[in-house]
Structures are given as C-alpha cells and as structure tokens.
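Written below as structure tokens is the structure these notes are about.
The values are calculated or read from the model by the stated rules, or taken from the named source; none is laboratory data. Because the structure is a prediction, the values reported are computed rather than measured. Heads up, the Cβs are rebuilt from the backbone with ideal geometry, glycines too, and the neighbour counts pull from every protein chain shown.
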C-alpha cells in the first residue's frame, strides 16, 4: 500500500463510518430510488466499457439509448454496441 499518515486518514475514515451507520439505520432504499440508482449505474458502467473500446459516447447518450432513444450524435453502429454491452451486463447479473 501507499504510505500515508494514519493520523490524517483516521478522522476521514471515522466520518465515513458514521455516515454508513446513519444511512444503514434508515433501512433499505425505497424501490423508486433503487431502480433509478440502478439505471444510473448501468449507464455509467456501459459508457466506461464502451470508452475502453475507443467509442466516445457520453453517459447521457448511453442513458438515452438504453431507454430506446436514438441520439443523432451517435452512429447506428455505436448505438448497437451500447445496446449489446448493456444486454451482456444484464446476463452477467
């Protein structure tokens, strides 16, 4: 691991732990939030995966493609790649 000053990191870790406890005590996320969060994360994952293949689409364009829209700035080949990548990620789930 990288060297770090434990006395500087410990307060930050304690703050993260406190936030985790506060959020965990509220129970599970409401279904509406859970679905929205999943869709946002899916769009980000697909965009990152596509970017590694050299295709430059934005997260917003991916989001639009995943709901069936056809952004004019994205080629049909890139739209197909986004859709295929999304289907592949769903199979892995």
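Per-structure values
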| quantity | calculated |
| --- | --- |
| Of the criteria (1) under 20 Å from residue 87 (Cβ atoms); (2) without any contact (Cβ under 8 Å) to a residue 40 or more places away in the chain; (3) in contact with a helix residue (DSSP H, G or I) (Cβ under 9 Å, 6 or more places away or on another chain); (4) surrounded by 10 or more Cβ atoms within 10 Å (Cβ to Cβ), which one residue 67 fails | (4) |
| Selection status of residue 57, assigned to a helix (DSSP H, G or I), surrounded by 10 or more Cβ atoms within 10 Å (Cβ to Cβ) and at pLDDT 85 or above | no |
| Hits in the stretch 60-83 - residues which are under 17 Å from the mean Cα position of the chain (by Cα) and part of a helix (DSSP H, G or I) | 60, 61, 62, 63, 64, 65, 66, 82, 83 |
